[in-house]
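The structure appears below as structure tokens.
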Amino acid sequence: MRQNTSNPESGPREEKSKTQGSQTLQRGLDLLDQVIDGPVKLADLSERMGLTRSTTHRLANALVERGFLTFLPREGYQLGPKLLQLGFLAQSQADVVQIARPHLEALAAASEDVVHLGRLDGDQALYLDKIPGRRRVEISSRIGDRHPLTSTGLGKALMLDDPEAGWTRLLESERENGTHDADPATWLERMRGYVAAGRAFDLEENEDQIRCVAAPIRDASGAIVAAISLSSAAQYMDDERMASLSDEVRAAAQKVSADLGWTPGVKSPRRLVRR
């Protein structure tokens, strides 16, 4: 008869070890959160973490050894170069179309309208994705199309961080090309309102009888890297509905932004005028 040579205490010990390892990992992640805003001295870090100085010092040193933290004499601990490397790798691996798709589909299903995703391509908006709506509304846009920035909701959302001089240059260029015959004063006033609201409208400027609500998507730095727009026939998009949809479109754009590493409140400096 075979004897049972296993240690009856190995199971509980293993579970205890896993629990301790999970707790240590959690503490390490919490510690990284505490130094996001700049260098923190050991005493302050220990107080914020609710741990003894020796435990905090041991955790911090382990993170320094792996490059997740850096120690500055007389200043304290701050985020290290390993996080910068990982951030660049994560950003390079991020596919905005793939990341945004579930959010676009959810928005299209909830609204029953067409949802677009696009990004800046020179002085035009490049359409990267399109989710059809349930209404019998024909919208001529296609994936891969390029449309003027100043007449589309998507394009305006992509320009919300641009200085007014950049807006004016683009509008003048598109007026000269005959792609957007808008009154400059009215258009500029609307753009200022769009910036304040964090979203933009297309009031049948790009396509007759088609209106849309659009909002910008930001990356970890706060820069606008893409935009979402929700479009439908004007009969389904009166002023009241466009106002109510603004929250939904902004929320969808912010969810995509969060998946790209953006944190609420982080906004990049205004861009220089494109020439």
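The values are calculated or read from the model by the stated rules, or taken from the named source; none is laboratory data. Predicted, not measured: the structure shown is a model, and the values here were computed from it. Counting neighbours? That spans all protein chains shown, and the Cβs are built from the backbone with ideal geometry, glycine included. Remember, those area values only see protein heavy atoms, side chains included, never the ligands or the DNA or RNA. Shrake-Rupley method; radii C 1.70, N 1.55, O 1.52, S 1.80 Å.
A compact table of results
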{"quantity": "Where LEU104 falls short, out of the listed (1) surrounded by fewer than 18 Cβ atoms within 10 Å (Cβ to Cβ); (2) of a type outside the set (Asp, Glu); (3) assigned to a helix (DSSP H, G or I)", "calculated": "(1)"}
{"quantity": "Some residue of the stretch 240-263 being modelled with pLDDT under 95, more than 21 Å from VAL115 (Cα to Cα) and surrounded by fewer than 18 Cβ atoms within 10 Å (Cβ to Cβ)", "calculated": "yes"}
{"quantity": "Qualifying position, being open to solvent by 50 Å² or more (accessible area, probe 1.4 Å), of a type outside the set (S, T, N, Q) and either under 26 Å from ALA233 (Cβ atoms) or free of Cβ contacts under 8 Å to residues at least 12 places away in the same chain (or both), among ALA165, ALA110, ALA220", "calculated": "ALA110"}
{"quantity": "First in the stretch 226-237 and in contact (Cβ under 8 Å) with a residue 60 or more places away in the chain, second anywhere and among the polar types (S, T, N, Q) and open to solvent by less than 10 Å² (accessible area, probe 1.4 Å), Cβ under 7 Å, 6 or more apart", "calculated": "LEU230/SER111"}
{"quantity": "Helices (runs of 4 or more DSSP H) within the stretch 144-245 that include 1 or more residues farther than 27 Å from PRO102 by Cα and acidic (Asp, Glu)", "calculated": "164-177, 184-197"}
{"quantity": "Residue under evaluation SER92, criteria (1) of a type in the set (Ser, Thr, Tyr); (2) more than 30 Å from LEU171 (Cα to Cα); (3) at pLDDT 90 or above, criterion not met", "calculated": "(3)"}
{"quantity": "Whichever residue in the stretch 113-132 is farther than 14 Å from ILE228 by Cβ and not in a strand (DSSP E or B) and, among such residues, is most open to solvent (accessible area, probe 1.4 Å)", "calculated": "PRO132"}
{"quantity": "Near pairs, Cβ below 7 angstrom, 6+ apart or cross-chain, from the stretch 176-191 (open to solvent by 70 Å² or more (accessible area, probe 1.4 Å)) to any residue that is among the charged types (D, E, K, R) and not in a loop (DSSP other than H, G, I, E, B)", "calculated": "ASP181/ARG175"}
{"quantity": "Among (1) closer than 30 Å to LEU32 by Cβ; (2) acidic (Asp, Glu); (3) modelled with pLDDT under 90 - the single one ASP161 does not satisfy", "calculated": "(3)"}
{"quantity": "Those residues of the stretch 28-43 which are open to solvent by 40 Å² or more (accessible area, probe 1.4 Å), closer than 18 Å to GLY67 by Cβ and not polar (S, T, N, Q), in sequence order", "calculated": "LEU29, ASP33, ILE36, PRO39"}
{"quantity": "Residue pairs meeting the criteria (Cβ under 7 Å; at least 6 apart or on separate chains; first polar (S, T, N, Q), in the stretch 49-78; second assigned to a loop (DSSP other than H, G, I, E, B))", "calculated": "THR70/GLY80; GLN78/VAL35; GLN78/GLY38; GLN78/PRO39"}
{"quantity": "Filter result (under 22 Å from the mean Cα position of the chain (by Cα) and hydrophobic (A, V, I, L, M, F, W, C)) within the stretch 109-145", "calculated": "ALA109, ALA110, VAL114, VAL115, LEU117, LEU120, ALA125, LEU126, LEU128, ILE131, ILE143"}
